[in-house]
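Below is one structure, written out as structure tokens; comments come after it.
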Number of protein chains: 2
Amino acid sequence: MNILITGGAGFIGSHLCDYLLADAQNSVTIVDNLSLGRLENIEHLLDNSHFNFVELDIVKNVNLLNEVFQQGVFDVVFHLAANSDIAQSHANPSIDLNNTFLTTFHVLEQMRIHGVKQLVFASTSAIYGDTPEKLHENYGPLLPVSHYGAGKLASEAFISSFAENYGIQSWIIRFPNVVGERTTHGILFDFFRKVKANTGYLEVLGNGEQNKPYVYVKDLVEAILFVWQNTNDKLNYFNVGVDSQTKVSNIAKIVLEEMGEQREIKYTGGSRGWVGDVPFFSYSLDKIHALGWKAKNTSDNAVRIAVRENLRLFNRLLHK
Amino acid sequence: MNILITGGAGFIGSHLCDYLLADAQNSVTIVDNLSLGRLENIEHLLDNSHFNFVELDIVKNVNLLNEVFQQGVFDVVFHLAANSDIAQSHANPSIDLNNTFLTTFHVLEQMRIHGVKQLVFASTSAIYGDTPEKLHENYGPLLPVSHYGAGKLASEAFISSFAENYGIQSWIIRFPNVVGERTTHGILFDFFRKVKANTGYLEVLGNGEQNKPYVYVKDLVEAILFVWQNTNDKLNYFNVGVDSQTKVSNIAKIVLEEMGEQREIKYTGGSRGWVGDVPFFSYSLDKIHALGWKAKNTSDNAVRIAVRENLRLFNRLLHK
């Protein structure tokens with residue numbers, strides 16, 4: 001198959017790329033503006049004749065995107081390009097307008113123009129907003145509290161109308177927090193930096209009681225491919241994740257253990273880490289479990305593996 | 001109050017303007033690009049010292065919009081500017097990207113920048129998509145089939161995140177089909193034109209069985225104001241409409257009766273009038289009824305009044 005991955009040099013996209021290239025029948029083109037993605041994530045693929053990397057910003061360079069579609073004759077697009085630093089757009093909502101939503105619209109337009117018939121989309125639990133209710137796929141109302149969640153919901157909305165209007169078969173996969181090798185920001189990196197700053201204590205935003213499911217990146221990528229290969233509706237939508245959760249206070253403890261450091265943990269207080277944070281959620285995975293997929297790693301396990309993998313990268317970046 | 005109405009020269013916006021100016025305490029500014037809005041709808045207001053009209057396109061002229069906000073010091077924005085010709089964006093989805101969604105994003109940004117604290121938003125039953133289920137406000141999944149529905153859902157998504165991030169109190173009012181004085185397009189005008197073309201028969205798109213609620217525009221405007229004045233959550237969302245429905249075949253009959261014409265009615269067949277059409281829906285109004293509002297006119301009644309009012313405009317436009 002001819003496959004396009006947007007955001008393919010990113011954390012999740014580069015893992016997906018590895019999985020898809022393991023099948024010698026596949027050719028994979030990735031586009032990435034390298035704002036959050038990193039060349040290092042794909043440099044082991046640059047010599048692969050089935051692999052093609054185009055550095056481009058989807059929103060700023062629609063003409064080049066059009067050329068990529070013209071040349072690629074893609075069978076399927078995995079659209080992962082998005083802002084993934086949720087907290088930063090509080091000060092500038094245009095970040096999520098452009099990088100989370102308009103990327104999707106432009107990809108959809110190119111698919112319509114070039115007749116590409118399959119789209120797999122990286123969505124998020126953040127579309128559901130902040131609610132104590134169990135989040136199954138048919139939950140409503142959808143009232144996202146972050147611009148990131150809003151940009152993803154806006155993306156889902158147009159994916160739905162493009163699917164209906166032009167017969168683009170689509171798979172919407174809603175991720176919770178994802179952890180593992182190749183991340184460069186987020187809670188684990190924040191903790192690493194704070195420990196290295198060596199203030200004598202580790203400051204944790206909020207009261208430490210935030211409790212969420214963390215899925216290991218390779219489990220997630222397997223789920224994405226599993227859903228894509230095993231469902232065939234015009235529009236398929238699935239929550240993906242783990243049915244366990246990890247408290248922020250526990251993440252802090254795991255980080256200190258794995259770094260071999262001792263610190264007093266100080267909490268800034270309040271139920272949320274930052275505006276737009278969803279401090280708790282309970283995710284229904286009945287739909288994907290019924291399809292026959294379950295994550296190999298629990299949330300705690302995912303966090304511990306991720307801390308080990310991320311620490312290696314953190315230390316390497318530190319000594320650069 | 002200082003009030004801004006976007007799309008204020010349009011069908012619904014101009015009626016809203018009349019209602020708000022009936023209170024001498026209010027000053028109303030409207031912005032409209034006059035693409036679907038018409039100067040004729042507001043010309044009776046141009047001498048009113050409490051009324052101010054600025055012709056501008058929200059997406060193309062953000063600088064002028066910024067000036068309007070700078071000078072207006074608004075207490076509340078009623079955001080109605082949108083594409084309202086749903087069928088036309090099948091061939092060009094950018095129409096709803098720009099006119100239905102990006103208008104909303106730019107209005108939200110100006111509200112954030114200028115500290116405006118209240119937003120009333122014209123949303124739509126089209127956000128729910130095409131489903132046989134009864135559409136209550138918490139229905140999910142939200143899978144719109146038209147780009148118009150997608151643009152409105154995308155708007156709701158960012159209204160929700162702006163409400164959370166910047167404390168903009170918001171009212172989302174979801175309209176069904178709206179009919180009455182000052183419309184210039186849609187099913188009634190299509191029928192008028194076809195009858196005047198005098199082909200010996202009246203062609204109706206679909207099988208005539210499409211069955212939807214039609215609300216009279218003045219009932220709708222009263223509902224918008226009622227919800228705004230009687231609810232006070234951070235984010236308030238309501239279906240508004242009538243609990244009766246009118247079949248397309250019945251609309252055709254009412255049109256012929258009111259025009260005093262006889263025609264054979266020919267149906268093109270198929271359950272939908274056009275791609276993105278939602279042929280049936282059943283709307284739950286329990287929430288707004290519980291709040292104490294109910295439409296004065298049934299759906300059939302609304303259609304008949306609208307046919308009479310629209311015919312006057314149609315004939316005038318015909319003889320211009």
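Nothing in this text is a laboratory measurement; each read-out follows from the coordinates by a stated rule. Please read all numbers here as calculations on a predicted model, not as lab measurements. No Cβ is skipped: glycine too gets one built from the backbone with ideal geometry, and neighbour counts run over all protein chains shown.
Highest mean packing first, where packing is the average number of other Cβ atoms within 10 Å per residue, the peptides A:83-94, B:2-13 line up as B:2-13, A:83-94.
Residues B:VAL54, A:VAL178, A:VAL73, ranked from the fewest to the most other C-beta atoms within 10 Å, line up as A:VAL73, B:VAL54, A:VAL178.
About its Cα centre, the protein assembly as shown has a charge dipole of approximately 340 debye under the convention of +1 per Lys or Arg Cβ and -1 per Asp or Glu Cβ, with nothing else charged. With springs only between Cα atoms under 10 Å apart, run a GNM on chain A and tell me which of A:ALA302, A:ALA22, A:ALA82 wobbles the most. It is A:ALA22. Helix A:11-21 and the longest principal axis of the C-alpha atoms of chain A enclose an angle of approximately 50°.
Roughly how tilted is helix A:147-166, in degrees to the nearest 10 and between 0 and 90, from the longest Cα axis of chain A? It works out to around 20 degrees. Here is the size of the stretch A:108-185 from its Cα atoms: Rg then Dmax, 14.2, 43 Å.
Taking every DSSP beta bridge that has both ends in chain B, the antiparallel portion is near 5%. Ordered by the number of other Cβ atoms lying within 10 Å of each residue's own Cβ, fewest first, A:LEU21, B:LEU56 fall into the sequence A:LEU21, B:LEU56. Length gained on full extension, B:TYR19 to B:LEU311, computed as 0.36 nm times the residue gap minus the Cα-Cα distance: 102.8 nm.
Given q = 0.12, 0.15 Å⁻¹, what are the Debye log10 I(q)/I(0) values for chain A, with equal point scatterers placed on the Cα positions and solvent ignored? The computed values of log10 I(q)/I(0) come out as -0.81, -1.28.
For the stretch B:212-266 versus the stretch B:290-320, the inter-centroid distance based on Cα atoms is 8 Å.
The share of C-alpha pairs in the protein assembly as shown whose separation exceeds 34 Å stands at 47 percent. Taking 31 Å as the cut-off for C-alpha to C-alpha distance, list the pairs among A:LYS296/A:LYS320; B:LYS266/B:LYS296; A:LYS117/A:LYS152 that go past it. The pairs that break the limit, which is 31 Å between Cα atoms, are A:LYS296/A:LYS320; B:LYS266/B:LYS296.
Computed over chain B, relative contact order equals 18 percent, with contacts defined as Cα pairs under 8 Å that lie 6+ residues apart. Between B:ASN207 and A:ASN207, the distance separating the two model label sites (each 7 Å from Cα on the Cα→Cβ line) works out to 5.8 nm. The Kirkwood radius of the stretch A:196-320, taken over pairs of alpha-carbon atoms, gives through the Stokes-Einstein law at 25 °C and 0.890 mPa s a diffusion coefficient of 149 µm² s⁻¹.
Shortest first, B:LEU291 label-point distances to identical copies amount to 3.7 nm, with the label point at 7 Å from Cα along Cα→Cβ. Just the number, please: percent antiparallel of the DSSP beta bridges in the protein assembly as shown, rounded to the nearest 5. The antiparallel fraction comes to roughly 5 percent.
Cα centroid separation, the stretch B:47-97 to the stretch B:169-196: 19 Å.
A simple spin-label model places the labels of B:VAL275 and B:ASP85 1.8 nm from each other, with each point 7 Å out along Cα-to-Cβ.
Here the simple spin-label model places points 7 Å from the Cα toward Cβ, and for A:VAL62 and A:GLU257 these points are separated by 5.1 nm.
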